[in-house]
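Shown next, in structure tokens, is the structure this report addresses.
The values are calculated or read from the model by the stated rules, or taken from the named source; none is laboratory data. Note that this is a predicted model, so its numbers are computed, not measured. Positions of Cβ are backbone-derived with ideal geometry, glycine not excepted, and every protein chain shown enters the neighbour counts. Accessible surface areas use protein heavy atoms only, side chains included; no ligands, DNA or RNA. Shrake-Rupley method; radii C 1.70, N 1.55, O 1.52, S 1.80 Å.
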Amino acid sequence: MASVRVPPPKAPDCVTKVALSISCDNLLDMDAFSKSDPMCVLQINSSGSHWYEIGRTEKIQNCLSPKFSKSIVLDYYFETVQKLRFELYDIDSENCSPEEADFLGALECTLGQIVSSRKLTKPLVKRDKTPAGKGTITICAEELTDNRVVVFEVAARKLDKKDFFGKSDPFLEFHKETETGWQLAHRTEVVKYNLNPIWKPFKIPMQSLCGGDVEKSIKIDCYDYNNSGSHDFIGSFLTTLSHIQQASQSYAAEYECINSTKKQKKKSYKNSGVIIIKQCKIVKEYTFLDYIMGGCQINFTIAIDFTGSNGDPNLPTSLHYINPQGYNEYLAAIWAVGNVIQDYDSDKMFPAFGFGAQLPPTWKVSHEFPLNFNPSNPFCAGIEGVVFAYQQCLPQVKLYGPTNFSPIINHVAHFGREALQQQTASQYFVLLIITDGVITDMDATRDAIVNASRLPMSIIIVGVGGADFSAMEFLDGDDGSLRSATGEAAMRDIVQFVPFRQFQNSPKEALAQSVLAEVPGQVTGFFNTMSLKPPQSHPPPHDLLASAPPSDPC
């Protein structure tokens, strides 16, 4: 699931969280020799004509009527009109961004409309508001009142062979029973060329799987994946969480995978394989507020680009030029993001660094220097202190180069690694890098980000000026997993990139909302994955499933 922004403390109280499940029918076909590969991007309107992204689904290959398994979670405010825009794109390649992709259609509506309908189906329109063919989008809303998740470990044996020249490529789909039929709750990854697959452990929100009712039917389908998008049905079975609990008490719950069509045609038919549920554990997932209110500190570090490509700070053309009103894009970004994040830091002391400048008195280049020139105490008192240190530092250094991000990322990662040794969710680190976009040490930066993805750490990059920011977009792993120079994949996406120019004519809150949109999900995702509880957490109740404690296998 994707989750959304950190609401400032002065924001209206969130009524509830809502999960949106999305499916489409009859999308435009933009590919000459195959079908479109759709992905849905959800944006919210903050004010006027400004929209910012709050989540996106997975991409589904070669499919004009996709059912997306990844739902998008957002805060629902009853007293606020929350305008949403669902945009469908044909994502043709691994690194293709929505900006480069073919547009398949969009729907604008309010969250209130979706919530009141429970299930909303509307036609998609092109950018000129004409119909996008016969394309429609269906959005189902579900209030999230249950923060338990079911952690599964699943395997199979002797699945039917569906491929003529090889073995099957199986994947599973878990469906929840609803009043209007079966609703997709989760889709596993595909295990290639294997009739005895072992899927990676995965988790499904209990509410998405069975509405919190352990006696409600769950349908599990097994398919053989085909690149064409037309997947071969292997078999299916029905069960309930309570049945899995009883059946797996001794070893594992085993279910025959039945293909009813084959069963009718063949008298000797037994099954199309066996699905083995090796583990089914119910755990409480802590929310962002659980962590914050439970004592987790958000530690905010600022890094500012002092490289020569910014231009001479004494000239009005420079990005570091401070105009008579005391403004430049660097200062605007510091104020906008810092004003929100400082409310989550109890001591409000922020380490602030520069990189890419020559420092007095030796004029050696430094890629990690404190703005206050005090290496033993680089902290500034509040955002005002950061702004003051920046203004004092600027005339004392010479802008130079190259633009290396890895030293400052590794600097913050060092503290993240130390915090992780405490075995509790006591600290999370957010690094704000403000840069003009030209990056020199791309391979070292990729390595640093991949390493940091295993630590309690997020990186926000704000691009100032009008440079080519394609390198920054690459570091933001929204369009696929970022890999190190040696091919090692990031454990999770921790980088959020936003170009400042998009927000020049927007209210100052808009930039903060956009750059902080992914932080709550990154905080909860990391700590829950690492099974780290808030420092002052209360133990979860012991009646999560029947009378079993949450740590017991179902």
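Miscellaneous remarks
- FRET E, pair K161, Q358, Förster distance 51 Å, beta-carbon r, rounded to 0.05: 0.15
- The alpha-carbon of K134 sits under 20 angstrom from the alpha-carbons of these aspartates and glutamates, leaving out residues fewer than 8 places away in its chain: D25, D29, D31, D37, E87, D90, D102, E108.
- Distance from region 474-538 to region 140-158 (C-alpha centre basis), Å: 23 Å
- Subtracting the Cα-Cα distance of S228 and N377 from 0.36 nm times their residue separation leaves 47.8 nm of extension gain.
- Region 200-241: C-alpha pair distances exceeding 17 Å, %: 49 percent
- Residues whose amide H lies under 5 Å from that of C380, counting only those 5 or more places away or on a different chain, are F350, A352; hydrogens are built 1.01 Å from N in the peptide plane.
- Per-bin percent of Cα-Cα distances, region 394-525 [5 Å]: 2, 10, 19, 23, 20, 14, 9, 3, 1
- Selection of GluC sites (Glu not before Pro), region 54-106, meeting DSSP coil and at most 10 other Cβ within 10 Å: E79, E94, E99
- Centroid-to-centroid separation of region 175-248 and region 45-109 [C-alpha atoms, Å]: 25 Å
- Rg and Dmax [Cα atoms of region 487-526; Å; Rg one decimal, Dmax integer]: 13.0, 40
- Counting every alpha-carbon pair across the chain, the share separated by more than 39 Å comes to 32%.
- Averaging 1/r over every pair of different alpha carbons in region 314-419 and inverting the result gives a Kirkwood radius of 14.9 Å.
- Rounded to the nearest whole Hz, the Karplus-based 3J(HN,Hα) values (6.51 cos²θ - 1.76 cosθ + 1.60, θ = phi - 60°) of region 429-441 follow the sequence 10, 10, 9, 9, 9, 10, 8, 8, x, 8, 10, 9, 9, with x at glycine and proline.
- When the Cα convex hull of region 30-142 is projected onto planes of every orientation, the mean area is 7.5 nm².
- Kirkwood radius for region 445-520, taken over all pairs of different Cα atoms as the inverse mean of 1/r, rounds to 13.2 Å.
- The length gained by stretching the chain between K126 and D312 to full extension, at 0.36 nm per residue less their Cα-Cα distance, is 62.5 nm.
- Straight Cα distances below 16 angstrom link K192 to the lysines K158, K161, K162, K167, K200, with same-chain residues fewer than 8 positions distant left out.
- Extension gain for T16 to K83 (0.36 nm times residue separation, less C-alpha to C-alpha distance): 22.5 nm.
- Straight Cα distances below 18 angstrom link K176 to the aspartates and glutamates E142, E143, D146, D213, E215, D221, with same-chain residues fewer than 8 positions distant left out.
- In terms of its Cα atoms, region 255-313 spans 83, 39, 16 Å along the principal axes, sorted from long to short.
- What the phi angles of region 317-326 give under the Karplus curve with 6.51, -1.76 and 1.60, with θ = phi - 60°, is a coupling list of 7, 6, 5, 8, 5, 9, 6, x, 7, x Hz, glycine and proline written as x.
- Region 322-336 and region 387-437 have Cα centres lying 19 Å from one another.
- The chain - percent relative contact order, Cα under 8 Å, separation 6 or more: 13 percent
- Between amide H atoms placed 1.01 Å from N, distances below 5 Å from L104 occur with L88, Y89, D90, all of them 5 or more places distant or on a separate chain.
- Links that overshoot a 28 Å alpha carbon limit, given the list K35/K281; K281/K348; K67/K129; K83/K216: K35/K281; K281/K348; K83/K216
- Computed from backbone phi, the HN-Hα couplings of region 457-473 come to 7, 10, 10, 10, 10, 10, x, 9, x, x, 6, 7, 9, 4, 5, 5, 4 Hz, rounded to whole numbers (Karplus: 6.51 cos²θ - 1.76 cosθ + 1.60, θ = phi - 60°; Gly and Pro given as x).
- For region 415-452, the residues whose amide N sits under 20 Å from a probe point set 7 Å from the Cα of T486 along the beta carbon direction are 417, 441-452.
- Where the chain is the region considered: accessible area per residue in Å², 1.4 Å probe: 45 Å²
- Solvent-accessible ranking of T486, T239, largest area first, probe 1.4 Å: T486, T239
- Less than 5 angstrom separates the built amide H of E285 from those of R148, V149, all sequence-distant by 5 or more or on a different chain.
- Within region 415-445, backbone nitrogen closer than 20 Å to the virtual label 7 Å beyond the Cα of M349 toward Cβ: 415-420, 426-432
- Taking the accessible area of the chain, probe 1.4 Å, and keeping the other protein chains in place, the carbon and sulfur fraction comes to 51%.
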